[in-house]
Each structure stands twice: as structure tokens, then as C-alpha cells.
Amino acid sequence: MVRAERVLRKEGKAPKIKSDQENTFDSLKSSEKIPPPGSTEETIAAIATPPGPGGIGIIRISGPLALYILQKLFLYRHKTSVPVYKSHRLYYGSIVAPGSSVPIDEVLAVFMRAPHTYTREDVVEIQCHGSYLVLQEILSLILTHGARLAQPGEFTKRAFLNGRLDLTQAEAVLELIEARTDEGRSVAMGQLQGKLHEKISETQERLLAMRAIIEVAIDFPEDETDILDSDSLLQQLRTAVEEPLAVLITRANEGKIFREGISAVILGRPNVGKSSLLNTLLEEDRALVTPIPGTTRDTIEEFINIKGMPVRIVDTAGIRHTIETVEEMGIQRARAKLADADLVLFILDATEPLTEEDKALYSSIKQNSKKQKVLLVLNKIDIGSGTSAETYRTGLGNEELVEVSAKFHTGILELKDSVFTIFTGGIKGPGWDLGAAAVPNVRHKAAMEKALKACRRAQKGLETNISPDLLAIDIQAALEHLGDIVGETTPEDVLDMIFERFCIGK
Ligand code: GDP
């Protein structure tokens, strides 16, 4: 859908608010009851709660048939259908298949009249017991009454298409669901509240104002030199557009660390304490971070929370059993593992001097094409051997070294501090509040870099007095790249890629 269509949809199709008296299916016009096939006006439904038994399970329905379906399946206080549903009010009763007298479950149901809903369409939510069988049974009844199963992220996609969220906010919904640390959550929440959208809109407005001046100059070529004050435009371009964009790009790099985190691999020769260190790190974090079943992947990953930075331990599936020795894994496999990692925690044994095996493994890491950061971790300092930390360092490329005892949990804080500083340069000082700032993600950053490039071309153009037509092209290009960020001009395939990452029911 191109921008014009999207705007049209936002403006023209927002459903009108109806009074409670009108909230019966029979009061709907017949054209409202039957959505055109294949249009986004289809009614969608999905289980919104995670799979597995739980106290409550929620099924969500969105679209023009939501109310009709509720009326068909819901018995108020187990007896009658509700004559008039009040919007945003919970009703207690049961779900019963038409023609049957046996309830499937006791439920609470809510009907939310458009446009004050997540999708800006009519929405129904049914809260039943969190049983897979109950949820499936209710869902299939809903599907036989005219709804179809929602695709991943389709509720949020509708919220976006109907103008309730811009694209950065829709992305923030996913980030919030997937956030693994408080800092990640804070970044997502700031974005959901529209912080990034605000910044982009401000920059777009400034560019639009500049484009307006350039267009006047195009229309009145005889007055071009009076209209186009190159110095003032240059100044505006630099201070009001390029500088704010450059700040956002820098922040994207910082934000990436907290959003996506880093991946680390623990390497070292046999018996240096790799498994012990991993266990110690995980144990200390267990209270803070639990393994989260991937919403888009089927694996469970182990994460360590280092001062808000999620650190994924590469290849955790069974890492405690399979942390291989150098001989077992061979240099090739060591490299394959390294390919994924941003950081190598290179474990050394303080009870023995540096060995040839340590050196061989270290040089294999260094030969790897992706230049990982290496932190030497001198373990078992509770025993020690008399060899100084400096001797290990000088033997291994003068890398940074921390001294720990995995067994006695000594030096673990220092280890975390070092990892944090390696990746952030220690940016997280007091008052550094990610939630308060607009923090772009990788997609936004790429679009901003393109916008910045276009601005720099315009800047050059202004300096060399190129024709206003050419200037307008560069300003327009910058505007379009910024439009991609908020979803005004984003190509359909990019939108699909974004929403496919969501879970079904969101
Ligand atoms: P890996 O082969 O590198 O995974 O090493 P392990 O974690 O299995 O540890 C090998 C041995 O060293 C075990 O007997 C551990 O109990 C012991 N060990 C590990 N860390 C420490 C430590 O910090 N201090 C002491 N004294 N022993 C440790």
C-alpha cells in the first residue's frame, strides 16, 4: 500500500462511534455484516495468550463480525444473550455452541466498539480458562462464524494501517514483548509512546518548510536569488536537520546494545573452569532473567543480564555438556562458533602457567575473520600459582584481563563491568535514561543515514548554487527516507517483514 492509500485509509475509513443502543448486530447495516472477501475488513481471530496451561486464556477477535460472533456464542450469566452490549464492559457468562446446551467454558467477555480499540476496529476479547483444549474449541467456533485465523502481528498491523500507531510504535510493541532487560523495556516503551516519531516528525516539518521555499523559487525563476537565501537554508539544513539526525544515529548504536544485546562465547582449554563460570553467571542472574521461549524461534536461549545489556551465550543448547576442549572441537569448529559471537570470554587457569595450548587457541581466535573482542578471564584465583596476571596478558596480545573465582563467585562484578565497558565505553552514567530518549533501531538508523546523505547532497548543491529543481529532488529524497521510518512510504514487503516477526494474537 503506498502512502496516499494509507493516509486515505486513516482519514476516510475510521469507523464512526455508535451509541450503546446501536451495539447490536441487527442494528448494523447489511453491508457492514458481510465484509468484502480478501479485504482488510475481514474479521480476524486468534488466541492472544502464550501456549501452555495458564490461569486465564484470552481469545481476541477484530473486525466487523466481532459483535455478531459474540452474540452467537455468548450466553450472559449462562442463560440469555445480551440484548445490547455496552462498549468496554465485562460480561460474565459462558460460551455455548449454537444448538447446544452444554457450555464449553465459563468466561468473561468484552466488546469494544471501534475506534477506541487496539486495532481501531470492533474488538471482542473472551477470557476463558487457560486450557489449550478450551481455547482451541472456542477459537474454532469463532472461525466457523465468519472470522479467519489472524496472521502473526495482524492485530498490530491493523492498528498501524488504521492510523492508531505509526510504524515505529508498532515495532515498539514487538520490542516490548521481547525485551529481556529493564533497559530494553525502557527503550521500547519510549518508542511506543511516540518519542522517536516525534523527532522524525520535527525533522520532516523542517524539511517540508525548506522544500516549500525551494518550490516557490522554482515557480518564480526571475526572483530565485531573492527567494533562495542559500546561507540561511544551509544553516537550517545543518542545525535543524543534519545535527539532530546525527545525534539519533549515534544513539542508535548505543540503543542497539540494550535492545539486541551481544553474543558471547566462552572458550578455553579443558578444565580451566568454563562450565563453572557459565553456571556462576547464570546462577547470579537467575533471579533477574529467566530463559524466554523464543516467540519467533523455537529454541530457548540463555541470557545473562550485564547491567541491562542482554548477553546471549552462543550455542547454549547443551553448552554445559558440550563446552568442547580444543582437541574435540578442532580449530574449524572453534571458528564456526566464533562466527556468531561479538565477544570471547577466554578462560585461563590461574593454578597453571600459560600453556602452549592456551596460546594456540588464542591465535586461532585472532585468525578469525570477524574481529571479536576478547576478554581474558583468569579463573581459580582462590588457589593461584604465583604467576602474575601481567604474565598471562603479555603472553596473549596484552588483552584486558579480569581475575575471578567461578567457584567462590569472586570478581564476577568486575567481569561484568569490563564486558559492559568494552561494548559501551561506560556510557551508562547517572541520568542516562533510555526511556526518555528517542532510540532508533537498525532499520531506522539505515533510513536516517540515507536521509542524511540526501541532505548532504542538498548542502553541496546549495554551496555550489545548483538549480532549485535539483535541490528539491534531494530534499524530497530525504523526506521519503524519513517517511520510511514512520511507515508513510515504507514498501509493502518491508512492512510484511516487520509484522511477520510478531507472534499470532498480537
Ligand atoms: P571446563 O572443562 O573448562 O568446563 O572446566 P570445569 O568448569 O568443568 O572445571 C574444572 C574443574 O575446576 C572442576 O573441578 C571445578 O570444580 C574446578 N574449578 C572451576 N572453577 C574454579 C575456581 O574458581 N576455583 C577452584 N578452586 N576450582 C575451580
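The values are calculated or read from the model by the stated rules, or taken from the named source; none is laboratory data. The structure displayed is predicted, hence computed values, not measured ones. Glycine gets a Cβ as well: all are built from the backbone with ideal geometry, and neighbour counts include every protein chain shown. In case anyone asks, the SASA skips ligands and DNA or RNA and just uses the protein heavy atoms, side chains included. Shrake-Rupley method; radii C 1.70, N 1.55, O 1.52, S 1.80 Å.
In table form, for the structure just shown:
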read-out	value
Residues within the range 50-63 that are surrounded by 18 or more Cβ atoms within 10 Å (Cβ to Cβ) and assigned to a loop (DSSP other than H, G, I, E, B), tallied	1
Positions within the range 486-506 being at pLDDT 90 or above and over 18 Å from Gly153 (Cβ atoms), in sequence order	Glu488
Residue, nearest to the chain's Cα centre (by Cα), within the range 464-483, restricted to residues that are open to solvent by 40 Å² or more (accessible area, probe 1.4 Å) and under 19 Å from Leu245 (Cβ atoms)	His481
Subset of the range 447-506 (residues that are outside any helix (DSSP H, G or I) and closer than 17 Å to Arg206 by Cβ)	Glu488
Of all residues making up the range 353-374, the number that are modelled with pLDDT of 90 or more and part of a helix (DSSP H, G or I)	3
Residue identified as within 16 Å of the ligand (Cβ to nearest atom) and charged (D, E, K, R) among Lys256, Lys274	Lys274
Selection within the range 402-424 - under 16 Å from Gly268 (Cβ atoms) and open to solvent by 30 Å² or more (accessible area, probe 1.4 Å)	Glu403, Lys407
Among residues of the range 259-271, those that are in contact with a helix residue (DSSP H, G or I) (Cβ under 9 Å, 6 or more places away or on another chain) and near the ligand (Cβ under 7 Å from one of its atoms), counted	2
Count of residues meeting criterion [in a loop (DSSP other than H, G, I, E, B) and either in contact with a Pro (Cβ under 8 Å, 6 or more places away or on another chain) or among the basic types (Lys, Arg) (or both)] in the range 378-412	4
Selection status of Ile47, surrounded by fewer than 19 Cβ atoms within 10 Å (Cβ to Cβ), under 21 Å from Cys503 (Cβ atoms) and hydrophobic (A, V, I, L, M, F, W, C)	no
Of all residues in the range 334-352 being open to solvent by 20 Å² or more (accessible area, probe 1.4 Å) and either assigned to a strand (DSSP E or B) or away from the ligand (no atom under 16 Å from the Cβ) (or both), the one that is modelled with the lowest pLDDT	Arg335
Single match in Ala438, Ala458 (criterion: modelled with pLDDT under 85 and in contact with a Leu (Cβ under 6 Å, 6 or more places away or on another chain))	Ala438
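Residue-by-condition table, conditions (1) within 35 Å of the chain's Cα centre (by Cα); (2) within 16 Å of the ligand (Cβ to nearest atom); (3) more than 23 Å from Phe420 (Cβ to Cβ); (4) hydroxyl-bearing (Ser, Thr, Tyr):
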position: Leu361; (1), (2), (3), (4): no, yes, yes, no
position: Gln372; (1), (2), (3), (4): yes, no, no, no
position: Leu376; (1), (2), (3), (4): yes, yes, no, no
position: Ile383; (1), (2), (3), (4): no, yes, yes, no
position: Ser388; (1), (2), (3), (4): no, no, yes, yes
position: Tyr392; (1), (2), (3), (4): no, yes, no, yes
position: Gly395; (1), (2), (3), (4): no, no, yes, no
position: Val404; (1), (2), (3), (4): yes, yes, no, no
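Here's the yes/no breakdown for (1) of a type outside the set (Gly, Ala, Ser); (2) touching a Lys or Arg at 6+ places or on another chain (Cβ under 6 Å); (3) open to solvent by 10 Å² or more (accessible area, probe 1.4 Å); (4) farther than 28 Å from Gly308 by Cα:
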| position | (1), (2), (3), (4) |
| --- | --- |
| Leu354 | yes, no, yes, yes |
| Ile383 | yes, no, yes, yes |
| Ser388 | no, no, yes, yes |
| Tyr392 | yes, no, no, yes |
